[in-house]
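The values are calculated or read from the model by the stated rules, or taken from the named source; none is laboratory data. In this text the structure is predicted, and so the values were computed from the model without any measurement. In this analysis, Cβ positions are derived from the backbone assuming ideal geometry, glycine residues included, and neighbour counts consider all displayed protein chains. Protein only, heavy atoms only, side chains kept; ligands, DNA and RNA dropped before computing areas. Shrake-Rupley method; radii C 1.70, N 1.55, O 1.52, S 1.80 Å.
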Amino acid sequence: MELLGKSKGELRAFCAALGEPAFRGAQIYHALYSERKFDVAQITNLPAALRDRLSKEASVTLPEVKQRFASADGSVRYLFGLPGGEEKLARPASVEAVFMPSEGRQTICISTQAGCAVDCHFCLTAQLGLIRNLTTEEILAQVLLPLEEHKMQLAPQTNIVLMGQGEPLLNFEPVMAAVRILLDREGMDISPRHVTLSTSGIVPGIERLAQEKVRPKLAISLNASNDEQRDALMPINKKYPLSVLMNACKEYPLRTWEHLTFEYVMLGGINDAVEDARRVVRLLAPLKSVKVNLIPWNPGELPYRESSPERIEEFRQILVDRGVPTFVRYSRGRDVMAACGQLALLQIKSSPGVSRQSSVIRTKKTLPPQPPFHG
């Protein structure tokens, strides 16, 4: 029995099946997610006999931290090795998370898939294709391990952004199982205000998320001002064009404190013209409560260039003047290639001295290993 990733109900049922009181499952749940105890021997409020039995009949499996890359701005990129195995019917894979400390809070950007099938043309992660979905425990471990490693320096507030490798809404059940534990006051106790899921615009997933009683905030990767432009940058738009996506956003039930966030990667000479800004205003006008994050494109091995600071400011001002709250979000960790859209993964299959299952992060010019975006 793998304990990590299990809900409180599942752990209670497991303990009951062992002939133990169900409340022991709630104790295990609290120990795993609130106290971050990853060895059953550490859960000292359990009877010694139960701890001994759990050590034989259950496990807490954490991914291997294969490498850490520290940025001058304090961010740390983690490269996790995920073993897969027959039980999960999953291929070995590597994914990344980025821990970003700042005044009064820390933000952790996590992955939900190894690789990505959505194929946004300006993002290096798309070059991987989809390797596999991550399990609930693999998603949660990307939060638990950095928090535990930095526990002596943690700020009062933790933000989680599901903006690393993968499209969260194409791995819906494991992602939402992880989110429920993140948001549970008896679990990791992170406020829904501080957890954001970013999607490329998977409309059925947005509609499904809207029905969830417990859910994170929603961010939409827009990145274009019309269908022709978005078709070229984000082929998923051919399946869910802007009219369909905007209608799903219009119908999305916002909580009283909530707004929809739209992310817009600024690509020089492609989507950053004055007319693009005006079209974005018109696109968002029917929606109730929105904000826009303009994300300067981070250079990589792809045929795009950065928008100039002057062009970005002009674009921002047009939106603000028309009543759309708009902010420029510069990515953290650029010096260790930990910035938005810079991730590329090369699986090493037969290099001397390197395990067949190992992997490293490289650009095509063999730059230092590179992490996921965290818009």
Report summary line: Within region 168-185, residues being touching a Pro at 6+ places or on another chain (Cβ under 6 Å) and either without any contact (Cβ under 8 Å) to a residue 60 or more places away in the chain or part of a strand (DSSP E or B) (or both) number 2
Query raised in the report: Inside region 1-110, counting only strands (runs of 3 or more DSSP E) that do not spill past its ends, which hold 1 or more residues that are open to solvent by 60 Å² or more (accessible area, probe 1.4 Å) and out of contact with any His (no Cβ under 9 Å at 6 or more places or on another chain)?
Result: 64-70
Requested in this report: Scan region 101-137 residue by residue and report those that are farther than 26 Å from residue 239 by Cα and either among the hydroxyl-bearing types (Ser, Thr, Tyr) or in contact with a Phe, Trp or Tyr (Cβ under 8 Å, 6 or more places away or on another chain) (or both).
Outcome: 102, 106, 107, 108, 109, 135, 136
Requested in this report: Can you work out which of the residues in region 253-284 that are among the β-branched types (Val, Ile, Thr) and under 13 Å from residue 221 (Cα atoms) is farthest from the chain's Cα centre (by Cα)?
Outcome: 280
Query raised in the report: Given the conditions (1) without any contact (Cβ under 8 Å) to a residue 24 or more places away in the chain; (2) in a helix (DSSP H, G or I), which single one is not true for residue 303?
Result: (2)
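Matching residues to (1) over 15 Å from the mean Cα position of the chain (by Cα); (2) over 20 Å from residue 38 (Cβ atoms):
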| site | (1), (2) |
| --- | --- |
| 119 | yes, yes |
| 125 | no, yes |
| 134 | no, no |
| 156 | yes, yes |
| 163 | no, yes |
| 178 | no, no |
Query raised in the report: Scanning region 126-170 for residues that are in contact with a strand residue (DSSP E or B) (Cβ under 7 Å, 6 or more places away or on another chain) and at pLDDT below 90, which turns out surrounded by the most Cβ atoms within 10 Å (Cβ to Cβ)?
Result: 128
Report summary line: Here the residues within region 306-325 that are closer than 20 Å to residue 261 by Cβ, in contact (Cβ under 8 Å) with a residue 40 or more places away in the chain, of a type outside the set (Phe, Trp, Tyr) and assigned to a helix (DSSP H, G or I) are 312, 318, 319
